[in-house]
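Here's the structure we're looking at; comments come further down.
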Amino acid sequence: MGVWPTGAMQAVMLSAPGIASCVEVKIPVWQPNCALVAVTRVGLCGSDLELLDGSSSYLQTGRARYPLIPGHEWVGVIVAVDGSTRLTPGQRVVGKTMLTCKQCEACASGRENECVDLREVGLYSQDGAAARYIRVPTSSLVPVPDSVSDRQAALVEPTVTILEALGQVDIRPGAQVAVVGPGTLGLLAAKVLVRYPVELSVFGVTTASLRASKRLGATTAEVFAAHRDGGRYDVAIEASGTVQGFRDAQDALRVGGAMIAVGVPHGVIDGFEVGRFVLAGQRQIGVRHGMNHYWEALRLFELGMLDEGDLLDSELPLELAAEAFTRLADPGRTAPKVSLIIQDEERRVP
Ligand SMILES: [Zn+2]
Ligand SMILES: [Zn+2]
């Protein structure tokens, strides 16, 4: 259904460490059971920055290789679609980052989130959405309700990780919950958690992020100080992706508490007191994205329970991708997220 275009398109290409440019490439060709989607917006995050600067574990393990098209937080409009699907051209969709193999033991056992043979859109083995068009399996697409804006839909991808994280532990009324690292993931976690009947403390570094945390309803928002707050929290969500954040989240836990890590720190953690952790009966839980939560995430935006407030710093056209990456790397930006606008909402393909 729909006419699958051919010819050239603009795309952001990461060609070597530090080199991001907008180039012309071929529009992806038809493939069975795939859709071609005209991308309207892509959010950039720390993973994209690591692909650009070369520090990404995907590059270092050889799973990702230059040149590559980044972009895994995206929304677009279906142009053409193959195979039997309820999706139709003109439909607005978000796409799942994890493309599972459907054949490994985990996939075959209904645990696709644990697939051992993944491809990840815009990260490795699958071109990303920082382009006019992206070709993806129709099974990875999720329709976006009309009342959810493109701005909001592009935030669904990080939101699913938070929903997976919050489902990992029992957060009871009156619980004390800490969020460490109020970047995109941390602020999204805080935005959901302010709707829980819990005491919510956000620990961050920059004034802007702490102000935003306070504004959205956190009980407290401050720089972490282990001697003052350590050992009090039932649950700590580590969203900074730094070794220090990991330490802080661990230090924040009470006896029997649980730390849920959604950020991905590089390196090893020296001085981690394993004995104390064991004797305190604590848990550490790593979150592997949340590919089953796209519908729930969209529903939260549709119901007005989540919004983009305090998350967006700047929006730049595709052609200015290099500037967008520079802005993303700038610690002085006012909010965590930098987006690329690929196609104005008015200029949507029919
Ligand atoms: Zn991301
Ligand atoms: Zn699999």
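The values are calculated or read from the model by the stated rules, or taken from the named source; none is laboratory data. A quick note: this is a predicted structure, and the numbers were derived from the prediction, not measured. Virtual Cβ from ideal backbone geometry, glycine too; neighbours counted across all protein chains shown.
The rows are residues; the columns are (1) under 30 Å from Val23 (Cα atoms); (2) in contact with a Pro (Cβ under 9 Å, 6 or more places away or on another chain).
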position: Leu99; (1), (2): yes, yes
position: Lys102; (1), (2): no, no
position: Ala108; (1), (2): no, no
position: Gly128; (1), (2): yes, yes
position: Ile134; (1), (2): yes, yes
position: Pro137; (1), (2): yes, no
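Yes/no matrix, rows are residues, columns are (1) in a strand (DSSP E or B); (2) within 16 Å of ligand 2 (Cβ to nearest atom); (3) surrounded by 22 or more Cβ atoms within 10 Å (Cβ to Cβ):
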{"site": "Asp127", "(1), (2), (3)": "no, no, no"}
{"site": "Ile134", "(1), (2), (3)": "yes, no, yes"}
{"site": "Ser147", "(1), (2), (3)": "no, no, no"}
{"site": "Arg151", "(1), (2), (3)": "no, no, no"}
{"site": "Glu157", "(1), (2), (3)": "no, no, yes"}
{"site": "Thr161", "(1), (2), (3)": "no, no, yes"}
{"site": "Val169", "(1), (2), (3)": "no, no, no"}
{"site": "Gly174", "(1), (2), (3)": "no, no, no"}
For the list (1) within 16 Å of ligand 1 (Cβ to nearest atom); (2) buried (at least 21 other Cβ atoms within 10 Å of the Cβ), I need the number of the one condition that Glu120 fails. (2)
Would you check if there is a residue in the range 50-65 being within 16 Å of ligand 2 (Cβ to nearest atom) and under 23 Å from Val116 (Cα atoms)? yes
Given (1) in a helix (DSSP H, G or I); (2) surrounded by fewer than 22 Cβ atoms within 10 Å (Cβ to Cβ), Phe325 misses just (2)
Test: residue in the range 105-113 that is in contact with an Asp or Glu (Cβ under 8 Å, 6 or more places away or on another chain), more than 27 Å from Ser314 (Cβ to Cβ) and either among the aromatic types (Phe, Trp, Tyr) or at pLDDT below 95 (or both): yes
Out of the range 265-279, which residues are within 22 Å of the chain's Cα centre (by Cα) and surrounded by 15 or more Cβ atoms within 10 Å (Cβ to Cβ)? Pro265
May I ask you to verify whether Arg195 is at negative phi and free of Cβ contacts under 8 Å to residues at least 12 places away in the same chain? no
The range 84-108, subset of a type in the set (D, E, K, R) and touching a residue at least 40 places away in the same chain (Cβ under 8 Å), residue nearest to ligand 1 (Cβ to nearest atom): Lys96
The lone exception for Val262 - which of (1) surrounded by 24 or more Cβ atoms within 10 Å (Cβ to Cβ); (2) under 18 Å from Leu311 (Cα atoms); (3) touching a strand residue (DSSP E or B) at 6+ places or on another chain (Cβ under 6 Å) it fails: (3)
Please enumerate the residues belonging to the range 1-21 that are within 19 Å of Ala80 (Cβ to Cβ), part of a loop (DSSP other than H, G, I, E, B) and of a type in the set (Gly, Ala, Ser). Gly2, Gly7
Quick check on my filter: what residues within the range 276-293 are assigned to a loop (DSSP other than H, G, I, E, B) and over 24 Å from Glu73 (Cα atoms)? Ala280, Gly281, Gln282
Of the candidates Val29, Val79, Val121, the one satisfying the condition of being more than 16 Å from ligand 2 (Cβ to nearest atom) and under 17 Å from Ser140 (Cα atoms) is Val79
The residue from Ser55, Ser47 that alone is among the polar types (S, T, N, Q) and assigned to a helix (DSSP H, G or I) is Ser47
Of the candidates Val75, Val81, the one satisfying the condition of being in contact with a helix residue (DSSP H, G or I) (Cβ under 7 Å, 6 or more places away or on another chain), at pLDDT 95 or above and more than 14 Å from ligand 1 (Cβ to nearest atom) is Val81
